[in-house]
Amino acid sequence: MGQRIRRYRLERHLTQTQLARQIGIQQSDLSRMEQGEYRVPLDTLFKILRAFEVSFGEFFGDLAQDRLTERESVLLQSFRSLSPKAQQEVLDFLEFKAARARERDDES
């Protein structure tokens, strides 16, 4: 997602400082988001989309063209059936698992 944010930002000739100020975050946080070191909070993503004047669908349009496997479809349906709090718990768990996988890769 970070590379996508960076691409949109550069297409609009915005510096990290300008975009960060526009959406109310620190430039260093935006930099870390673009580099994939920092997860983009949903409220920040919506602020970014407003700043870029694009819809969620436009921002992730090319991803929607990829077909989901049956397993991914089941996962998505299950995720959508959860409360917002439970969805956040799932997202937090996935971030934890991804960080552990990155640590194992770094050790190899």
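Does the range 1-39 hold any residues that are among the small types (Gly, Ala, Ser) and part of a helix (DSSP H, G or I), and which are they?
Residues satisfying the conditions are 2, 20, 28, 31.
When you check residue 16 against the structure, is it in contact with a Ser or Thr (Cβ under 7 Å, 6 or more places away or on another chain) and either exposed (fewer than 15 other Cβ atoms within 10 Å of the Cβ) or not β-branched (Val, Ile, Thr) (or both), yes or no?
Spelling it out, residue 16 is indeed in contact with a Ser or Thr (Cβ under 7 Å, 6 or more places away or on another chain) and either exposed (fewer than 15 other Cβ atoms within 10 Å of the Cβ) or not β-branched (Val, Ile, Thr) (or both).
Residue 82 - would you say it is among the aliphatic types (A, V, I, L, M), within 30 Å of residue 100 (Cβ to Cβ) and either touching a residue at least 40 places away in the same chain (Cβ under 8 Å) or assigned by TED's automatic domain parsing to the domain that holds residue 102 (or both)?
yes
Part of a helix (DSSP H, G or I) and in contact (Cβ under 8 Å) with a residue 24 or more places away in the chain: does that describe residue 87?
Against the criterion (part of a helix (DSSP H, G or I) and in contact (Cβ under 8 Å) with a residue 24 or more places away in the chain), residue 87 does not qualify.
The values are calculated or read from the model by the stated rules, or taken from the named source; none is laboratory data. Keep in mind that what you see is a predicted model, and the values were worked out from it rather than measured. Note that we place each Cβ from the backbone using ideal geometry, even for glycine, and neighbour counts take in every protein chain shown.
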